[in-house]
Amino acid sequence: MSDYVPIHGKQYKTVAARVRDFRETHGLGWGIHTTPIKSLCDADTAVVRCVITSPDGKEVGSRKLIAHLF
């Protein structure tokens with residue numbers, strides 16, 4: 001299986017590949033936590049807040065991610 005998928009004419013790295021690369025780089029002590037933002041989701045779009053935590057549980061980064069569903 002490829003690490004990339006075509007979306008609207010561009011190649012995007014899959015979530016599975018991104019998580020694998022993150023784990024290979026940072027190990028299992030770091031956390032990736034996702035929460036859907038239900039008020040922004042609809043039949044065509046999923047919006048998720050992703051938070052990265054350090055091994056001691058501190059939030060070190062976050063981002064809102066938008067996925068267009070097909």
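The values are calculated or read from the model by the stated rules, or taken from the named source; none is laboratory data. Quantities reported herein were computed from a predicted structural model and do not represent experimental measurements. Positions of Cβ are generated from backbone atoms using ideal geometry, with glycine treated the same way; all protein chains shown enter the neighbour counts. For the accessible areas, the whole protein counts, side chains as well, though only heavy atoms, and no ligand, DNA or RNA atoms are used. Shrake-Rupley method; radii C 1.70, N 1.55, O 1.52, S 1.80 Å.
Here are the numbers:
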read-out: Within the accessible area of the chain (1.4 Å probe), percent carbon and sulfur; value: 59
read-out: Pair-distance profile P(r), taking every C-alpha pair of the chain, with 5 angstrom steps and integer %; value: 4, 14, 19, 22, 20, 14, 7, 1, 0
read-out: Spacing of the two label points (7 Å from each Cα toward its C-beta) at residue 14 and residue 44, in nm; value: 2.6
read-out: Mean ellipticity per residue at 222 nm, deg cm²/dmol - from DSSP H runs of n ≥ 4 across the chain, formula -39500 (n - 2.57); value: -5500 deg cm²/dmol
read-out: Contour excess over end-to-end distance, with Cα ends at residue 30 and residue 53 and 0.36 nm allotted per residue; value: 7.7 nm
read-out: Cα-based helix-to-principal-axis angle, 15-26 vs the chain, degrees rounded to 10; value: 20
